[in-house]
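Since the structure comes first, as structure tokens, the remarks are kept for the end.
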Amino acid sequence: QPPRPCEDYWWEWKHCRGLRHAFHHYYAHGELPACGRWRDDYEACRAWERDRAAAAQEALCESERARVLERQKHAPVWTLRKSPPPDWYLPLDQDKPN
């Protein structure tokens, strides 16, 4: 059985090709999104379900692994605290002039 339902790959591909997503991606990254990977994953998923093709299974699993590694590549923006600051309950200094 594939890691996700094949319809998930189809909807990701349709979303990626949408005008709103393309505009946002171009604004954020300066280039149009590469949607071919979602289409390839959808076709591999269908081949895996239909023919039990080993090549399609390996291609789909490799794509999912690459997607997970890409997501883990970026470090968190904020450093996480173990406990709250010691003066967390004091009022903020919003009324003081700088």
Accessible area (Å², per residue) of the chain, counting only protein heavy atoms and a probe of 1.4 Å: 89
Dipole magnitude of the chain about its Cα centre (Cβ charges: Lys, Arg +1; Asp, Glu -1), debye to nearest 20: 20
Protein accessible area in the chain, 1.4 Å probe - carbon and sulfur %: 55
Long-range HN-HN contacts of CYS35 with modeled amide H, under 5 Å: none
Over the chain: helical MRE at 222 nm, DSSP H runs n ≥ 4 each giving -39500 (n - 2.57), nearest 500: -19500 deg cm²/dmol
Ratio Rg/Rh [Cα only; Rh per Kirkwood] for the chain: 1.27
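The values are calculated or read from the model by the stated rules, or taken from the named source; none is laboratory data. Please read these numbers as outputs of a predicted model, since none were measured by experiment. Counting neighbours? That spans all protein chains shown, and the Cβs are built from the backbone with ideal geometry, glycine included. Protein only, heavy atoms only, side chains kept; ligands, DNA and RNA dropped before computing areas. Shrake-Rupley method; radii C 1.70, N 1.55, O 1.52, S 1.80 Å.
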